[in-house]
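One structure is given here, and the rest of the page talks about it.
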Amino acid sequence: MAGGAPTIQIPRWIQLVGVPLLALLVWFMASQVVHAVFIFLVAALIALLLDPLVRALTRLWIPRGFSIAIVYLSFAAALTVVIFALGIVVVDQSQSAADRIENYLTVEDGQTGQTGFEQGVDDLQLWLDDHGLERLDVREQGDEIATDFKNADVEKYTSEAIDFIRGAAIGIFGLILSLILVVVVSVYMLLDMGRLTKAADRRFPPPSGTSGLVIRMEQALAGYVRGQLLVSLTIGASVGVGMWLLGTLGWAPGADKYAVLFGAFAAVTELIPYLGPVLGAIPAVIYGLVVDPISGLWILLLFLAIHQIEGHIVVPKLMGSALRLHPLLVIFGLLAGAELYGVPGVFVALPLLAVMRAIWEFFSERIELEPWRAGPVPVEVEIEQTRPLEPVPPEETTETRTLAP
């Protein structure tokens with residue numbers, strides 16, 4: 001082994017019996033305490049992500065406890081400012097968009113007697129008729145939607161909204177409690193991270209010029225998070241700029257006023273692998289279809305173009321080799337995370353897979369499985385000792401010769 005790193009050989013009987021039994025035992029125990037395991041996993045990921053910052057502060061002769069406090073307080077302050085600023089913008093634009101949609105669906109023009117929605121449906125129907133698609137009758141369905149909205153029971157929807165808010169408040173309280181537990185557990189992990197790093201390096205010393213186990217885990221996690229954040233920011237900015245251009249050019253009326261809202265939503269949903277791009281496009285496309293059906297088509301084309309660029313340029317360049325996992329394994333991890341812990345499990349699945357990949361690569365250099373090569377099986381044979389035969393004297397031997405005639 002390079003660098004003299006110790007090698008652990010796993011016997012075949014442990015591979016065949018012990019490892020499966022251990023995996024089943026761990027799975028059974030984890031399934032009984034899913035919430036606690038999830039809290040500790042999230043806390044461990046946060047501790048691994050923040051530990052490089054804490055180490056950097058300790059090099060400035062700041063005690064580790066104070067370094068942890070500085071890092072957490074800095075992140076809390078930055079997060080509070082971002083949430084407060086985005087909250088003001090998002091709430092204001094959401095209310096404005098809701099009012100605009102409601103007026104578009106309910107307020108009738110004094111001259112035509114039609115709402116903006118009904119007029120938009122008529123315009124779409126005329127466009128379809130002019131392009132030989134008169135079989136697609138959207139006017140009837142549009143009239144039904146407008147009528148249902150006008151006759152909707154506002155009090156019913158209001159009461160349902162109040163019930164939803166109550167349930168959301170209970171869920172938010174539980175979320176806040178879980179976040180407090182995550183912070184507390186991650187602080188304790190950060191306090192002991194230095195000792196854990198030294199202990200791991202003593203037990204499994206890394207080869208000369210390479211990083212230890214904990215450092216590799218931190219690097220894998222930081223690389224993935226950095227790449228994912230860059231992708232989210234890039235897609236969010238692209239959506240915001242694209243919606244602003246569509247609104248400015250008049251192709252999607254009012255879209256420029258809500259560009260920040262749609263861009264922020266697309267950036268957040270981009271954190272959800274595979275489904276994120278689709279979820280991020282839904283509100284903007286619905287807005288375009290409601291305000292002006294033709295605008296919905298332009299917005300749909302905008303998102304298709306952005307995500308084509310994302311798939312072929314942005315993700316390969318920004319993510320690079322941050323994850324380095326087979327797509328099937330990624331999909332399985334996402335499904336398993338959703339099955340075990342819902343939406344939070346989906347967000348944690350890929351960072352956890354990145355850390356597990358680093359662990360696998362580290363120990364694959366040090367663990368050797370006893371080979372299962374086919375070949376002859378060695379068998380112990382007991383040889384019975386016998387008395388050797390005595391040689392026959394020469395005079396007692398006879399020789400027969402055949403003479404030619």
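Summary of computed values
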read-out: Odd one out for D51 among (1) in contact (Cβ under 8 Å) with a residue 24 or more places away in the chain; (2) closer than 19 Å to L179 by Cβ; value: (2)
read-out: Given (1) at pLDDT 80 or above; (2) part of a helix (DSSP H, G or I), index of the condition I162 fails; value: (1)
read-out: Where a residue in the stretch 74-92 is farther than 20 Å from A259 by Cα and assigned to a helix (DSSP H, G or I) and its partner, wherever it lies, is modelled with pLDDT of 75 or more and not aliphatic (A, V, I, L, M), with Cβ under 7 Å and at least six apart; value: none
read-out: Qualifying residue in the stretch 321-330 (condition: part of a helix (DSSP H, G or I) and more than 24 Å from G345 (Cβ to Cβ)); value: no
read-out: Subset of the stretch 192-214 [more than 20 Å from V355 (Cα to Cα) and in a helix (DSSP H, G or I)]; value: R202
read-out: Selection count where residues are more than 20 Å from A222 (Cα to Cα), within 29 Å of the chain's Cα centre (by Cα) and surrounded by 12 or more Cβ atoms within 10 Å (Cβ to Cβ), scope the stretch 12-68; value: 5
read-out: Output for the stretch 320-338, where each listed residue is over 11 Å from the mean Cα position of the chain (by Cα) and either at pLDDT 75 or above or among the charged types (D, E, K, R) (or both); value: R324, L328, L329, F332, A336
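For every residue, the table says whether it meets (1) more than 30 Å from S364 (Cβ to Cβ); (2) crowded, with 18+ Cβ neighbours inside 10 Å; (3) at pLDDT below 85.
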| residue | (1), (2), (3) |
| --- | --- |
| Y224 | no, yes, no |
| Q228 | no, yes, no |
| G236 | yes, yes, no |
| T248 | yes, no, no |
| G254 | yes, yes, yes |
| F262 | yes, yes, no |
| G276 | yes, yes, yes |
| D292 | yes, yes, yes |
| F303 | yes, yes, no |
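The values are calculated or read from the model by the stated rules, or taken from the named source; none is laboratory data. What you see is a predicted model, and the numbers here were worked out from it, not measured in a lab. Counting neighbours? That spans all protein chains shown, and the Cβs are built from the backbone with ideal geometry, glycine included.
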